[in-house]
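Values in this text are rule-based calculations from the coordinates and carry no lab data. All of these numbers come straight from a predicted model, not from anything done at the bench. Cβ placement follows ideal geometry from the backbone for every residue including glycine, while neighbour counts extend to all protein chains displayed.
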Amino acid sequence: MKIFNSIKEMQVFSLSSKRDGKKVAVVPTMGFLHEGHMSLIDIAKKEADIVVVTIFVNPTQFGPNEDFSRYPRDFERDSRLCHERGTDAIFAPEASEMYPTGASTWITEDSLSKGLCGKSRPLHFRGVTTVVAKLFNAVLPDLAVFGQKDAQQLAVIKRMVRDLNFPVKIIAGPIVREADGLAMSSRNKYLSPDERKNALSISSALREAGKKIFGDSAGLRDFVSSKISSNGGRVDYVEVVDAETLEPDCNFERPLLIAVAAYFGTTRLIDNTII
């Protein structure tokens, strides 16, 4: 397994692989890998000849009071996991490589990014779209695999790829959960034992909501919110939106996304389900 820190070296490797007739896949991550990331690598290996995992804690998608400085990092462990899973290369640039001094160009998606997480994290998706575009230009992939847990991110990236004509196929990997139902996340390590136990109310509320019949989306929102709040969670949002457009939809005629963001202690968790 090769490890690249420079964009130029990464591009040379990908272009050489493509000249040999190989298909290149990328799995973008911020590191501190877990089984959810590993499942994305597995999907990439089935779809392509060469799998590149990017490990970069992107500073531009964190707000001023968010957890950039304490976001968990363990490159040695991540490298071992990638090697064991059959990854061909890791691209792990420094921030100065991705954002040279004086960098002032951004990619902004102005529709799908406005609601849900975009309400409380107004600059987050500008950072996401910009860094993903830069990672695509560095890795030069034929396809990219993202997790469904970050449903809004997935939708925004699909729209960016469509609108800006990136020659990259986007594949969604299903949410991977712990045995007790908690969606896997690098931030789960922040939770105290009690907070982790209470955080199970997110997945259980979503699971129950998918089995119940509601007359409108307000009933769905209230049901999920009350379940989380009664277990000590502080709800950032619970929204019921069209699964493709992310627009509010009360007709129940198309697949709906129930998306949740909630705090347990100081840890912000997200989860979702499609009904």
query = Using unit Cβ charges (K, R positive; D, E negative) and no other charged atoms, how large, in debye to the nearest 20, is the dipole of the chain about its Cα centre?
reply = 240
ask   = Within a Cβ distance under 12 Å of Ile228, other residues only, what is the Lys/Arg minus Asp/Glu net charge?
value = -1
remark   = Across all Cα atoms of the chain, Rg and the largest Cα-Cα distance (Dmax), in Å, are 18.9, 57
note = Net charge near Val24 (other residues with Cβ under 15 Å of its Cβ; Lys, Arg +1; Asp, Glu -1) is +2
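Hand me the tally of lysine pairs in region 186-274: alpha carbons under 22 angstrom apart, and the pair either on different chains or 8 or more positions apart.
4
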query = List the aspartates and glutamates whose alpha-carbon lies under 18 Å from that of Lys45, not counting same-chain residues fewer than 8 positions away?
reply = Asp20, Glu35, Asp78, Glu84, Asp88, Asp142
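Which semi-axes, in whole Å and largest first, does the equivalent ellipsoid of region 120-253 have when worked out from the alpha carbon gyration tensor as the square roots of 5 times its eigenvalues?
Values: eigenvalues 177, 79, 36 Å².
Square roots of five times the eigenvalues give 30, 20, 13 Å.
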ask   = To the nearest 20 debye, what is the magnitude of the charge dipole of region 62-115 about its Cα centre, counting +1 on the Cβ of each Lys and Arg and -1 on the Cβ of each Asp and Glu?
value = 120
request  = Over region 186-274, consider all pairs of different Cα atoms and compute the Kirkwood hydrodynamic radius from their mean reciprocal separation; express it in Å, one decimal.
outcome  = 13.2
